[in-house]
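Visitor: If you scroll down you'll find the structure; I have some questions about it.
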Amino acid sequence: MIAPHPSAPAAPARTVRKAVVPAAGLGTRFLPATKATPKEMLPVVDKPAIQYVVEEAAAAGLDDVLMVTGRHKRAIEDHFDHAFELEQALTAKGDTVRLDAVRDPARLASIHHIRQGEPLGLGHAVLCARRHVGDQPFAVLLGDDLIDPRETLLSRMLGVRDRRLGSVVALMEVPPEQIHRYGCAAVEPAGEEDVVRVTGLVEKPARQHAPSRYAVIGRYVLDPAVFSVLERTPPGRGGEIQLTDALQELAAGGTVHGVVFKGLRHDTGDKADYLRTVVRLACERPDLGPEFVAWLRRFLGELDGARPGRRDVAA
Ligand code: G1P
């Protein structure tokens, strides 16, 4: 049994214990950085993006995390493993702060890895988790979506699953011109604040065909019934087996709810949003923030000014 992460609040007893993190994408949007490094390992300040996701799962009481990886993903396995040489060197130096930073990823949860083999889509990645997950509800967290660590979205979704059973997706209202980037949900009220019944789902619809402005963001709590649906879900948009298509079938049966999220979410899969995320989180860090914010103010002042002087903004 893994000790709970120090940052994890005491979680209530739950029926959901397992999280699945699909991490087999090619990361083409970040080439060449992702030529030999998985995109999930790109640093957000000083932690790889995927560590935030595992921390989020652990904070919601999920102590078993299955990574569904592909080729070239050894770095992810190594990151969530012990690093004895590094630990020994830091122990010898008495550097307990860095020692904790090195040990933390392996202590967050019991981490497992499986390979997807072929990149057949998100639905296929989730289906790869079937044997590990078994006949229990489970969470799916997509690595490109970083939910601010102060938010409690996943816990809220787990609570909705506990009370209403079935599957639960996280939804966020987005401007109509952005809906084509997401799975989109048709919804009706469910008699509870921020909770809706999902009546239909469509993957990345054109704006004029979108049933709403509710985008599916990368957090799901799924009933194991999704596996048998995924097994017979044909390739959909982009020739890939889409999780959205399987959930559409479950939604038609009335067993899918949505939790409407109004908090802070960062899309680290998008280059500009990735940069915004790094800057925002750096500004908020007590150890880095004060100096970095002061520099940022000077830098912005220079950008606004007539003559940007690079020497003045050097670190
Ligand atoms: C995936 C899902 C999509 C969802 C999105 C959230 O798409 O297929 O339904 O809205 O994640 O980030 P991707 O961004 O992997 O293309």
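Visitor: Could you list, in sequence order, the residues of the stretch 123-139 that are within 11 Å of the ligand (Cβ to nearest atom) and surrounded by fewer than 23 Cβ atoms within 10 Å (Cβ to Cβ)? Quick ask: steps written out before the conclusion?
Guide: From the stretch 123-139, those within 11 Å of the ligand (Cβ to nearest atom) are 123, 125-126; that's our starting set.
Passing the criteria: none in range.
Visitor: Could I ask something else about it? What is the residue count in the stretch 230-244 for residues that are over 15 Å from CYS184 (Cβ atoms) and crowded, with 19+ Cβ neighbours inside 10 Å?
Guide: 3
Visitor: While we're here: Which one is nearest to the chain's Cα centre (by Cα), of the residues in the stretch 114-131 that are among the basic types (Lys, Arg) and under 17 Å from ALA225 (Cβ atoms)? Quick ask: steps written out before the conclusion?
Guide: In the first step, residues of the stretch 114-131 are kept if they are among the basic types (Lys, Arg); the result is 115, 130-131.
If we keep only those that are under 17 Å from ALA225 (Cβ atoms) as well, we get 130-131.
Details: ARG130: 19, ARG131: 22 Å.
Top of the filtered list is ARG130.
Visitor: Within the stretch 66-113, track down each residue that is over 18 Å from the mean Cα position of the chain (by Cα), part of a loop (DSSP other than H, G, I, E, B) and of a type in the set (D, E, K, R).
Guide: Correct list: ARG71, ASP81, ASP95.
Visitor: To continue, here is another question. Taking the criterion of being hydrophobic (A, V, I, L, M, F, W, C), buried (at least 21 other Cβ atoms within 10 Å of the Cβ) and more than 22 Å from ALA125 (Cα to Cα), would at least one residue in the stretch 173-194 satisfy it?
Guide: Applying the first criterion (hydrophobic (A, V, I, L, M, F, W, C)) to the stretch 173-194 yields 174, 179, 184-187, 190.
If we keep only those that are buried (at least 21 other Cβ atoms within 10 Å of the Cβ) too, we end up with 179, 184-185, 187.
Of the ones still in play, those that are also more than 22 Å from ALA125 (Cα to Cα) are 179, 187.
Yes, the conditions are met somewhere in the stretch 173-194.
Visitor: Looking at the stretch 199-283, what strands (runs of 3 or more DSSP E) fall wholly within it and have at least 3 residues that are within 13 Å of the ligand (Cβ to nearest atom), of a type in the set (A, V, I, L, M) and at negative phi?
Guide: Once the strands (runs of 3 or more DSSP E) in the stretch 199-283 are filtered for at least 3 residues that are within 13 Å of the ligand (Cβ to nearest atom), of a type in the set (A, V, I, L, M) and at negative phi, what remains is 214-222.
Laboratory data are not the source of any read-out in this text; all were calculated from the coordinates shown. Here the structure is a predicted model, which means the values were calculated and not measured. So basically every Cβ, Gly included, is an ideal-geometry build from the backbone, and we count neighbours across all protein chains shown.
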